[in-house]
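Colleague: My questions will all concern the structure given below.
The values are calculated or read from the model by the stated rules, or taken from the named source; none is laboratory data. Just so we're clear, the structure is a prediction, and the values are computed from it rather than from any experiment. A quick note on method: Cβ atoms are made from the backbone with ideal geometry, for glycine too, and the neighbour counts reach across all protein chains shown. Remember, those area values only see protein heavy atoms, side chains included, never the ligands or the DNA or RNA. Shrake-Rupley method; radii C 1.70, N 1.55, O 1.52, S 1.80 Å.
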Amino acid sequence: MPVPVLERAAAEMLDWQGTGMSIMENSHRDKKVVAMAEETQAVLLELLGLGSEWKVLFCQGGASLQFAMIPLNFAVGEVADYIDTGMWSTKAYQEAEIVGAKPHLAASSKADDFTYIPREYKYSEKPRYVYLTSNNTVRGTQWPSFPQDAPAPLIADMSSEFLSRPLDLSKFALVHAGAQKNVGPAGLTIVLIRPDFAETARKNVPHMLDYRTYIEHDSMFNTPPVFAIYVAGLVFKWLRDEIGGLAKIQKLNQAKAEYLYNAIDQSGGFYRGTARVDSRSPMNVTFRLANPDLEKTFLDEAKKANMAGLNGHRSVGGMRASIYNAVDFQAVKTLVDFMAEFQKKRG
Ligand SMILES: *Cc1c(COP(=O)(O)O)cnc(C)c1O
């Protein structure tokens, strides 16, 4: 989280907008709260450069619920194409099977340990949509650009890169992102959807699982995660007003990632990046030590030096530096200095 956002939330904790209460104690039907939620949607669309052909939804249940909700709305009994680039897209594919869709695997990098983003696809003839995971948090890969030739609208899980770079969403119909990675507190899932696409959903979907419910009720059909929406709104304004927009944050993110990848590449093989160079993620930098026996020592010593969360996802091991928007260059430099020092001692 950006520190100015935490400070602002702290300063407003006991008295939000002169109400004499925390925002958590205001009703979600209160005019000020409704206005806050509307403004949060507007700032998000402004950041992304999107117009009224898009709608912002505030959902719950994380990306994991979207894995089921998407096929439940659009592909029960029908074919939808999936591109498998790691654990999260595998799960999305499996959920599509569970709800009775017919997922078709259009490409997969599984045979190569998900180290790259496939660039060739075997689409089915008439898929309902083409689903992909734009940033693979576990494997440290990211789509540098998106397919332009897909036979159906694209849908993407952008959880771990949302708002880290400008996006061309012209081929997309739906994008989802759990707030907890790059946006704000857990408990909020942001969905961007084209209402005309939502209209093509099947009927008789339970209300809370039906995108049209969220569109019609402006995400207030039931009680939304008000506090998380409020904090996300502060983050959006921080990106707009203090950072200067998505092109700027992309530059900052690229500088951090380049600095770290360079350190890995120039370590003479002591450190080794796990993702193929053309598919490297600027958000999640995954790497190993040439000597795997040293990895635990590396992580222990990093922790002692106040660097938390450097362990790789439990399914793959190794190291992972998640250098999200709120991580500044200095933090990356501290890590790189630590890595050089560690190599000097043990290399
Ligand atoms: C973290 C993450 C998830 C996890 O989903 P939740 O249900 O929100 O916990 C899904 N997809 C991606 C790409 C992620 O990075």
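Colleague: Tell me which residues, restricted to region 146-158, are touching an Asp or Glu at 6+ places or on another chain (Cβ under 8 Å) and either more than 16 Å from the ligand (Cβ to nearest atom) or of a type in the set (D, E, K, R) (or both).
Modeller: Those that are touching an Asp or Glu at 6+ places or on another chain (Cβ under 8 Å) and either more than 16 Å from the ligand (Cβ to nearest atom) or of a type in the set (D, E, K, R) (or both): ALA150, PRO151, ALA152.
Colleague: Oh, and also: Does any residue of region 194-207 turn out to be among the polar types (S, T, N, Q), more than 16 Å from the chain's Cα centre (by Cα) and modelled with pLDDT under 95?
Modeller: yes
Colleague: What are the residues in region 296-305 that are touching a residue at least 12 places away in the same chain (Cβ under 8 Å) and either buried (at least 20 other Cβ atoms within 10 Å of the Cβ) or under 27 Å from the mean Cα position of the chain (by Cα) (or both), if any?
Modeller: The answer is PHE298, LEU299, ALA302.
Colleague: Return the residues of region 116-127 that are in contact with a helix residue (DSSP H, G or I) (Cβ under 7 Å, 6 or more places away or on another chain) and surrounded by 19 or more Cβ atoms within 10 Å (Cβ to Cβ); say none if nothing qualifies.
Modeller: Within region 116-127, ILE117 is the sole residue that qualifies.
Colleague: Could you pull out the residue among ALA198, ALA177 that is over 17 Å from SER89 (Cα atoms) and either within 12 Å of the ligand (Cβ to nearest atom) or open to solvent by less than 60 Å² (accessible area, probe 1.4 Å) (or both)?
Modeller: So the residue among ALA198, ALA177 that is over 17 Å from SER89 (Cα atoms) and either within 12 Å of the ligand (Cβ to nearest atom) or open to solvent by less than 60 Å² (accessible area, probe 1.4 Å) (or both) is ALA198.
Colleague: Can you tell me which residue within region 56-100, out of those that are surrounded by fewer than 23 Cβ atoms within 10 Å (Cβ to Cβ) and among the β-branched types (Val, Ile, Thr), is nearest to the ligand (Cβ to nearest atom)?
Modeller: Only one residue fits best here, namely THR90.
Colleague: Also, quick follow-up: Tell me the residue from ARG288, ARG314 that is surrounded by fewer than 20 Cβ atoms within 10 Å (Cβ to Cβ), modelled with pLDDT of 95 or more and over 30 Å from VAL43 (Cα atoms), please.
Modeller: None of the other options fit; the residue is ARG288.
Colleague: Based on what the data block shows, is VAL183 modelled with pLDDT under 95 and within 12 Å of the ligand (Cβ to nearest atom)?
Modeller: Yes, satisfied.
Colleague: Find the residue count for region 332-347, including only residues that are under 30 Å from GLY184 (Cβ atoms) and without any contact (Cβ under 8 Å) to a residue 12 or more places away in the chain.
Modeller: The qualifying residues number 1.
Colleague: Next question. For the structure I just gave you, tell me whether LEU192 is surrounded by 22 or more Cβ atoms within 10 Å (Cβ to Cβ) and within 16 Å of the ligand (Cβ to nearest atom).
Modeller: It is true that LEU192 is surrounded by 22 or more Cβ atoms within 10 Å (Cβ to Cβ) and within 16 Å of the ligand (Cβ to nearest atom).
For (1) under 23 Å from GLY178 (Cα atoms); (2) among the polar types (S, T, N, Q), each residue gets a yes or a no:
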{"position": "LEU289", "(1), (2)": "no, no"}
{"position": "PRO292", "(1), (2)": "no, no"}
{"position": "THR297", "(1), (2)": "no, yes"}
{"position": "ALA308", "(1), (2)": "yes, no"}
{"position": "ASN311", "(1), (2)": "yes, yes"}
{"position": "ARG320", "(1), (2)": "yes, no"}
{"position": "ASP328", "(1), (2)": "yes, no"}
{"position": "THR334", "(1), (2)": "no, yes"}
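Colleague: Now for a separate question. Could you check region 145-249 for helices (runs of 4 or more DSSP H) lying wholly inside it with 1 or more residues that are in contact with a Leu (Cβ under 8 Å, 6 or more places away or on another chain) and closer than 26 Å to LYS122 by Cα?
Modeller: 195-198
Residue by residue, here is whether (1) more than 30 Å from GLU258 (Cβ to Cβ); (2) outside the structural domain of LEU234 (by TED's automatic domain parsing); (3) within 15 Å of the ligand (Cβ to nearest atom) holds:
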residue: LYS102; (1), (2), (3): yes, no, no
residue: LYS110; (1), (2), (3): no, no, no
residue: GLU120; (1), (2), (3): no, no, no
residue: GLU125; (1), (2), (3): yes, no, no
residue: ASN136; (1), (2), (3): no, no, yes
residue: SER160; (1), (2), (3): no, no, yes
residue: ASP168; (1), (2), (3): no, no, no
residue: ALA173; (1), (2), (3): yes, no, no
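Colleague: Do we find that MET283 is over 20 Å from MET87 (Cα atoms), surrounded by 17 or more Cβ atoms within 10 Å (Cβ to Cβ) and touching a residue at least 40 places away in the same chain (Cβ under 8 Å) in this structure?
Modeller: Criteria not met by MET283.
Colleague: Under 6 Å between Cβ atoms, at least 6 apart or on separate chains: pull out the pairs that start in region 45-57 with a residue that is without any contact (Cβ under 8 Å) to a residue 60 or more places away in the chain and not assigned by TED's automatic domain parsing to the domain that holds PHE236 and end on any residue that is open to solvent by 30 Å² or more (accessible area, probe 1.4 Å) and among the charged types (D, E, K, R).
Modeller: From residues that are without any contact (Cβ under 8 Å) to a residue 60 or more places away in the chain and not assigned by TED's automatic domain parsing to the domain that holds PHE236, there are no pairs.
Colleague: Also, quick follow-up: Only one residue in TYR230, TYR261 is in the same structural domain as TRP88 (by TED's automatic domain parsing), crowded, with 17+ Cβ neighbours inside 10 Å and more than 18 Å from the chain's Cα centre (by Cα). Which one?
Modeller: Within the list TYR230, TYR261, the selection yields TYR230.
Colleague: Can you tell me which residue among VAL130, VAL34 is of a type in the set (Val, Ile, Thr), surrounded by fewer than 20 Cβ atoms within 10 Å (Cβ to Cβ) and modelled with pLDDT of 95 or more?
Modeller: Among VAL130, VAL34, only VAL34 is of a type in the set (Val, Ile, Thr), surrounded by fewer than 20 Cβ atoms within 10 Å (Cβ to Cβ) and modelled with pLDDT of 95 or more.
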